Amino acid sequence: MKKLSRRHFVKNTALSATSLSILGMAGCKKTTEKINTDNQPTINKKAGHTVVIAGGGYGGATAAKYLKLLNPAINVILIDRNAEHVSCAMSNEVIFGLRDISEITMPLKKLAEKYGIEFKQAEVTGLDGENKILKTSAGDVAYDKLIVSPGISMDYDTALDFTTERQKEIPHAWIAGAQTLQLKDMVNNINAGDTIIFRTPLALYRCPPGPYERACLFGNEALKKGAKVIVLDPNPQIMSKKPLFEKAFNTLYKDVLTYYPNIEVTGIDYDKKIVKTNQGDFQGTLINFVPDQKAGELAFTLGLVEPGKKWASVDAKSFESTLIKDVYVIGDAIDTATVTEMPKSGTIANATAKVVAENLVRIFAGKEPKVPLVGNTCYSLVSDKEGIWIATLYEYDEAKNKIVTRNGANGIPKEASVENKINGHSWGNNILSDTFM
Ligand SMILES: Cc1cc2nc3c(=O)[nH]c(=O)nc-3n(C[C@H](O)[C@H](O)[C@H](O)COP(=O)(O)OP(=O)(O)OC[C@H]3O[C@@H](n4cnc5c(N)ncnc54)[C@H](O)[C@@H]3O)c2cc1C
């Protein structure tokens with residue numbers, strides 16, 4: 001039995017007697033557990049344990065599926081603002097015509113029906129952590145444990161005057177969906193003599209090799225069409241698979257692509273398409289500017305980010321929020337720099353979701369949680385014909401209280417190959433299937 005005090009009801013206006021709608025009750029025939037208070041409306045909750053998951057991307061969808069696979073008796077409620085999740089992984093392939101967007105568009109209802117997950121399409125808007133109630137545009141949801149996997153949001157540099165209109169003109173396409181197709185159209189319209197200006201984000205950002213894969217695919221397009229590419233990187237160097245991307249820049253694209261590290265963009269003349277930087281001005285015909293990043297807005301809304309920080313604070317061993325009990329944050333939104341050497345990747349979101357799912361099942365069963373041990377495999381394209389990869393194993397280090405790279409357990413191939421491209425395609429299909437099907 002769980003008690004909600006009058007104070008908590010008064011504090012949360014959304015919880016008035018008339019508007020109270022607990023999503024977990026939908027379709028519930030038998031209720032055995034009651035959240036009761038003196039003279040207060042009774043919130044019924046399904047029998048057994050309820051895990052609510054906010055965000056149905058790589059982290060959230062995997063957590064929902066694996067919770068059900070590990071213990072079908074747990075009530076799992078998955079909430080996302082969209083009915084379908086469009087995968088960011090493989091979205092570069094869509095932009096450059098190597099996959100269709102339908103191949104990376106994952107219907108969440110289908111996943112839910114297959115595994116007995118309750119799916120709600122709703123905007124998550126707030127949290128009453130004390131009473132374990134998540135607020136959404138479709139009503140309030142009670143939980144025993146909450147998993148939040150909201151992804152990233154853009155940290156626009158205010159000096160660059162990126163108004164909403166400007167954001168539409170210059171898509172980042174770093175959150176897949178409409179902008180992926182918009183950039184694809186812009187790529188289709190590249191002509192001979194054009195100059196593509198591609199600004200990569202400053203670390204920490206989603207998918208460390210992603211910008212360099214996109215740079216290569218711009219290079220590939222420029223070669224085909226007689227255009228040029230200027231890559232403006234605020235980082236001091238290529239941030240992932242460096243020798244392999246460097247080789248591609250210096251061989252395949254040596255005549256069409258120029259890479260500038262340590263770039264600071266100081267202004268954009270939107271009408272003339274001039275990007276002003278600390279290393280001079282660059283004029284282009286197509287600008288793809290990927291802003292710096294921070295945790296998904298939802299992490300801030302729910303109070304999971306410490307003041308002055310950009311990412312959600314979690315305990316390195318359990319992924320439980322250090323700010324709100326019984327709330328677990330996974331995926332790109334976590335403060336990776338503090339708790340782990342793992343990258344912000346779909347594979348890591350998928351792998352850590354499994355760690356959290358298994359540990360919640362163990363905790364409900366009165367067992368000790370396990371210590372994280374996760375792998376990351378990531379393929380990238382260096383052209384429309386050849387691919388490369390990186391593979392790393394990460395484990396929890398008690399002394400450092402951090403998830404670190406296991407000694408010697410990481411590597412990249414000697415060179416790009418057609419075989420790597422084929423394997424990468426299969427890897428992509430497998431992770432989509434493991435996460436969303
Ligand atoms: C170009 C590119 C290429 C990439 N390639 C790879 C790759 O090859 N391999 C790899 O492993 N990773 C890759 N990634 C990274 C990968 O896509 C991310 O790391 C992964 O999506 C992170 O998962 P997540 O669950 O944290 O966030 P997401 O997958 O983004 O999921 C977040 C979900 O939360 C929902 N949401 C957010 N706020 C709310 C709210 N308020 N209410 C309701 N719902 C909400 C969103 O709708 C979304 O569905 C790539 C990324 C990009 C941009």
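For residue 402, which aspartates and glutamates qualify as cross-link partners when the Cα separation must be under 16 Å and same-chain residues fewer than eight apart are set aside?
Of all the aspartates and glutamates, those that pass the test against residue 402 - Cα under 16 Å, at least 8 places apart if same chain - are 315, 320, 335, 341.
Run the reach check for residue 272 against aspartates and glutamates, Cα to Cα strictly under 12 Å, same-chain hits fewer than 8 apart removed. What comes back?
The reachable aspartates and glutamates, counting only those whose Cα sits under 12 Å from residue 272, are 281.
List the pair-distance distribution P(r) of the chain, using every Cα-Cα distance, as the percent of pairs falling in each 20 Å bin from 0 up to the bin containing the longest distance, rounded to whole percents.
Bins of 20 Å from zero give 25, 53, 20, 2 percent of pairs.
Among all helices in the chain defined by DSSP H, which have a length of 24 Å or more along the axis from Cα atoms plus a Kyte-Doolittle mean of at least 0.5?
346-364
Describe numerically, in nm with one decimal, the distance between label points set 7 Å from Cα along Cα→Cβ at residue 168 and at residue 276.
2.6
Going by Cα centres, segment 138-158 and segment 280-340 are how many Å apart?
Spelled out, the Cα-based centre of one part sits 11 Å from the other.
Between segment 52-84 and segment 254-276, what is the separation of their alpha carbon centroids in Å?
41
Going by amide H atoms built from the backbone, whose H comes under 5 Å of the H on residue 314, apart from near neighbours?
For residue 314, the qualifying residues are 322, 335.
Ignoring everything except DSSP H segments at least 4 long, calculate the 222 nm mean residue ellipticity for the chain; use -39,500 (n - 2.57) per segment, divide by total residues, nearest 500.
Theoretical 222 nm ellipticity from helices: -8000 deg cm²/dmol.
Between residue 83 and residue 365, 0.36 nm times their residue separation minus their Cα-Cα distance comes to what?
Extra length from residue 83 to residue 365 when fully extended: 98.3 nm.
Identify the GluC sites (Glu not before Pro) of segment 397-437 meeting these criteria: DSSP loop state and at most 13 other C-beta atoms within 10 Å of the C-beta.
398, 415
Give me the extension gain from residue 409 to residue 260: residue separation times 0.36 nm, minus the current Cα-Cα distance, reported in nm with one decimal.
My answer for the length gained is 50.5 nm.
Using the Cα centre as the reference, give the magnitude of the dipole from point charges on the C-beta atoms of the chain (Lys, Arg: +1; Asp, Glu: -1; all else neutral), rounded to the nearest 20 debye.
Charge dipole, the chain, about its Cα centre: 1300 debye, nearest 20.
Read-outs throughout are calculated quantities, based only on the coordinates presented, and are distinct from any laboratory measurement. Predicted, not measured: the structure shown is a model, and the values here were computed from it. Here the Cβ is made from the backbone with ideal geometry for all residues, glycine too, and neighbour counts use every protein chain on show.
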